[in-house]
Structure formats: structure tokens, C-alpha cells
Amino acid sequence: MSALLAARPAFLPPLPVPGPLRGEQVAVTGHRGVLGSLLAERLAAGGADVCAYPGDVNNAAALAAWLAGLRARHVFHFAALVPVERVEADALGAYQTNVIGTFNLCRAVILRQQPAWVFHCSTSHVYAPSAGSAPLAESAPTGPATWYGVTKLAAERVATELLGKARVAACVGRVFSFTHARQQPPYLVPSLRQRIAGMPDGGTLEVRNPSAVRDILDAAHVVDAILLLAMAGADGIVNIGSGTGRSVRELALAVAAEGGRHVGVAGRDVETGGLVADTTRLRSLLARASAAGASAAGASAAGDGTPERAP
């Protein structure tokens, strides 16, 4: 991903070497999606034993049997029906997968009766958009503007209340906008890229809500943040974003510049609210994870027979 479009945030530390959760068995749902596939690959490359659920989370019995056969102490739940357009076209299916599928996963974790840390992937779409680009803290009012947001907010409640009742450690990551080379239209950035590529240079791109503000990260950076949250044993709700907002107009111009194109951007604003992350809690947790990783690396180096250097 071009640094022009989604640069790595300065507050996001590198993943430790060797990789996070090295030698551990890890359970992942939704491994065919962008975030789930990147996380599974990153874990496997770092030496983790990744067990990806091959079925449908709506099949409660199969999901429970799969998880019961694992010794995984980390469970990452990405399975969901997306994007917004598909969810709007299949309201019942979206609720079934996003909410009941999450209940099925939580139920399977609880019935297994083994210690586990669960990461539930949620979205910034659960928030009521702010005025302009004011950052949204985890305590900001919720008020989904889409059915996708409605289903994900309901899934959050299932995960936090059910796992909390069972005293299972859990983290809900509210992921703000992201993009990646694997992402396809109708997502925002690939749609802009596709449309601009088909335009004459110097033309005018018509976009919807050009003044709406979004916080966008490269999906690989989102995955790094999630893995560091796992290292920190984060709990509760955590925003995952860059903390910086750009309008849809600015994003379109960045996409054009990335491809060496010159375009104008026009359009009508129906909704102008912003979805920008307040990253205060994320920064604190990432700092904790970085310190834990450094401590573990130091202990490993001290125990491998190599003399320590004096400071």
C-alpha cells in the first residue's frame, strides 16, 4: 500500500521477533476475509500453529466440535457478512451470521471450559458519526447509520455480555476504515481506484458525500495492532485506527496521485459526519505490548547461552 494513502502510524510498534504467539495453537474464524487471511498468514510465518475454521459459523454444532478439538488459548473471530451493500440486501442473513454466528462462537468457547482470550472484530460503523473530524472515544455514543452497523453492535453486546458472564477474557476491536491490495469493490479505496483508472486524465470524478471524513489504515497495520493487543491481553472495547481523518474527496485525490493521475472531485453531500478514532486507549495498550515483547526478547536472549552486553 502506498505510504501516501495509508502510512503506518508512528505509534504502532513493530511486531516482536520471533513472531507473536510463536509455538502456540491459535483459532481463527473468517480466515478467507482480508483481515482474517492476513492475520492467519502473519501468525503462521511467526511460528504459530494456526487452526482456521473451515465451515459456516451458523452451524453451531460443527463450530463447537471444531473448537472443542483444539487446545488454542487465543481465538480470533473475524467471520461476518460484509460489505455494507451486501448486508443491506440480505438483512436476515446478515443478522444471522453477524449476531447469531457470534453467539455460536461464544457458546463454543464457554462450553469448551478451557482458558482462552477472545478477539471479536467489530467496526467503527457502530458509532454515531461525529461532527466533522472530531475523534470518537470508545465511550462515544453508538448510533449505527447502516444495518451492517446495527448487526455488529448487537454482536458486540453478545460477545461482551456473554463472555463476561462466563469470565472469559475478551477484547472487542472496533476497526475503522482499512484497505489492502486484496480488497475489491465496492469498498471505498478499490472502488475509487477502479473508477479513476477508467477516466480520462483531467476528468471530474463524481463521488457520494465528498466531505464525509474517514480514518483509514492499511489492513496489514490493523492486523499488527490486533496481534499486539493479543500480546497485551487487552480487554474491553478498543478503537483500531490511525487517529487521523481525511475526507472522501482527499482520499480520491490521494488514490489519483498514487496512480499518477490528475482528476477533479465533485459530488453532493447527503451525510457529512466523521468516523475518526480516538486512539488514546490503543496507544496505551500497544505500549504495554511493546514493553512485554522487549522483556520477553531480553529474557530469551539471556537464556540462550549468549553473554549479555553491558549497557
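What follows draws every value from the coordinates through simple rules; no lab data is involved. Remember, it's a predicted structure, so these values are computed and weren't measured experimentally. We place every Cβ from the backbone using ideal geometry, glycine too, and count neighbours over all the protein chains shown.
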For region 1-119, what mean projected area does the convex hull of the alpha carbons give, in nm²? 8.9 nm²
If you add up the charges near residue 234, with Lys and Arg at +1 and Asp and Glu at -1, over every other residue whose beta carbon is less than 9 angstrom from its beta carbon, what do you get? +1
Where Rh denotes the Kirkwood radius from the mean inverse Cα pair distance, what is Rg over Rh for region 178-230? 1.09
Below 13 angstrom from the Cβ of residue 176, what's the summed charge of the other residues (Lys, Arg +1; Asp, Glu -1)? 0
Using only the Cα atoms, work out Rg/Rh for region 64-108, with Rh taken as the Kirkwood radius, to two decimals. 1.08
Along Cα→Cβ, 7 Å out, is where each label goes; now give me the distance between the ones at residue 244 and residue 145 in nm to one decimal. 2.3 nm
Let me know the whole percent of all Cα-Cα pairs from region 249-294 that are separated by more than 12 Å. 75 percent
Semi-axes, largest first, in whole Å: what does sqrt of 5 times each Cα gyration tensor eigenvalue give for region 227-271? 34, 16, 6
As a Kirkwood estimate from alpha-carbon pairs, the chain has a hydrodynamic radius in angstrom of 20.4 Å
Relative contact order (percent, whole number), region 171-219, Cα cutoff 8 Å, 6+ residue spacing: 59 percent
Could you please rank 275, 38, placing first whichever residue has the fewest other Cβ atoms within 10 Å of its Cβ? 38, 275
For 142, 279, 204, what's the fewest-to-most ordering of other Cβ within 10 Å of each Cβ? 204, 142, 279
For residue 221, what is the net charge nearby, where nearby means another residue's Cβ is under 13 Å from its Cβ and Lys, Arg count +1, Asp, Glu -1? -1
If 278, 49 are placed from fewest to most neighbouring beta carbons inside 10 Å, the sequence is 49, 278
Residue among 213, 149, 45 farthest towards the positive dipole end of the chain, charges placed on Cβ: 45
Counting pairs of Cα atoms in region 183-293, how many percent are more than 16 Å apart? 65 percent
For region 87-151 the translational diffusion coefficient, Stokes-Einstein from a Kirkwood Rh over Cα pairs at 10 °C and viscosity 1.306 mPa s, in µm²/s, is roughly 115 µm²/s
